Structures are given as C-alpha cells and as structure tokens.
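Okay, so here's the structure we're looking at.
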Amino acid sequence: LFYFVKPSFKIEAVGDIKTISETNKSTYEAFVEGLKSRARNWSSDRYVKGLGEKILTSDPSSKAYPNSVEEFRRYFVEEKMLSDPSVIIVDLLDKDGIIVASSRGERVGVNEYEEELEYKAHHFSKTITAGFGEVYLMGAVFEEDEDDRPMFHATTRLFSTRIDDQGHFVPLDGVLLIHFVSTKELSSILSKAVSAQGSAESSMETYSGVS
C-alpha cells in the first residue's frame, strides 16, 4: 500500500505491509475483491456501456458529442454514485489514456497515461488490452488535487453491448477509471494489523520473561 502525494509526489509506505499480509491477508483480499466487484458491476451496466461506446466512437466536433459527455457526468453523479458514497470520481479514458468524460467535468482532457508513467497511480496500460471482466486495482493513492483522503484506483476495460460472431461482447478502446475512497475499511484493516502485531509482541515478551 502506498500514498502518491501531490504536488511533492513523495511515496510513503502505509502501515506494516508484512504484518498486513501475514496476519490480515484474508481480510485485505476480501476488501480488494469487493472493490473489484463493484468496478466490474459498474462497467457491465448496459447504459454505461452504450454511453461509453457513443462517446468513444463519435466525432468530438459533432453537436451530439457534448450532450453525451454531459450525460455521462449526470448519470454517475445523480444516479450511480448516490448508491455508493465510497466512489468519488469516475472517468472514461480513450485509447491514449486521455479523459474524454468524467463525473467531474473539469477533468476532461487530463492525460492519465502520463500519470501512470510518472506516478504509477493506476494500471491503464494493462487495462486497455484486458479481457472482459478484468479489473486492476492500485492503492492507496493520495492526490491532493482530487481528494484529501487515500484512494484506490480501479481500472476496467469497457465493452460494447454488441456481440461478435463468437458470442462475446465487442471490446472498446476505452477504460473506466473509478476512484474509491474507502477510509473506514482501510482503517479497520490497519487497526487489526496493529492489534495483531501488538499481541504478537506481547506474547513474545511474556515468553522471553519480559513483562
């Protein structure tokens, strides 16, 4: 787990990774799988798939294009994100990693591919060629220009509602980037790790005759 801090871009370890992996592995894995499952479900939403395909394949200079981008923002802000407060931003990236639609309109045009190369903030490059249902997760990420809490960045490739000759959904040249803020869950995991480490140290002291 790491924080990627802006604007200084320092990288700091969060907690004791060894302790988390050894004493709370199942808890952390369940937490991670929960985030992946939610990202997978959102990318499978037929309306999101259809809207995403329209944006990714339309001419940006067309009259309908801005309306599609605005509908993307509205749908997530006014409908999807209300059901999951842990999601604070949803971006649609094109094949070059440029944000073409977002729940935060001011983010359109941001080059997330450059963010990946320089700060390792997510897994866009893996995701743009990924198979259906694959989700990549990066966390914990701290970016002051997005939020003051640690985030987890989930990326999953977008697929069309259309089916090919083999019965598979047609892949699109786009990636859904979902920004999760899961402070409570993360705090719980770290607290358990600290408690477990304290118990282990206490037992060791008792065993060695130190009280």
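Odds and ends about this structure:
- Within the range 54-78, residues that are over 16 Å from Leu172 (Cα atoms) reach partners that are among the hydrophobic types (A, V, I, L, M, F, W, C) with beta carbons closer than 6 Å, at six or more positions or on different chains, in the pairs Ser68/Ile55; Val69/Ala101; Phe72/Leu51; Phe72/Ala101; Phe76/Val90.
- Residue match in the range 182-191 (condition: open to solvent by less than 70 Å² (accessible area, probe 1.4 Å), modelled with pLDDT of 80 or more and closer than 26 Å to Lys126 by Cα): no
- Restricting the first member to the range 165-180 and to residues that are open to solvent by less than 30 Å² (accessible area, probe 1.4 Å), and the second to residues that are among the hydroxyl-bearing types (Ser, Thr, Tyr), the beta-carbon pairs closer than 6 Å and six or more apart or on different chains are Leu172/Ser160; Val175/Thr127; Val175/Thr155; Leu176/Ser43; Leu176/Thr156; Leu177/Thr155; Phe180/Ser86.
- Residue count, the range 38-49 (criterion: open to solvent by less than 30 Å² (accessible area, probe 1.4 Å) and touching a residue at least 40 places away in the same chain (Cβ under 8 Å)): 5
The values are calculated or read from the model by the stated rules, or taken from the named source; none is laboratory data. The model shown is predicted, which means the values in this text are computed figures rather than measured ones. Here Cβ is always computed from backbone atoms with ideal geometry, including for glycine, and neighbour counts include all displayed protein chains. Surface accessibility is based on the protein's heavy atoms, side chains included, excluding ligands, DNA and RNA. Shrake-Rupley method; radii C 1.70, N 1.55, O 1.52, S 1.80 Å.
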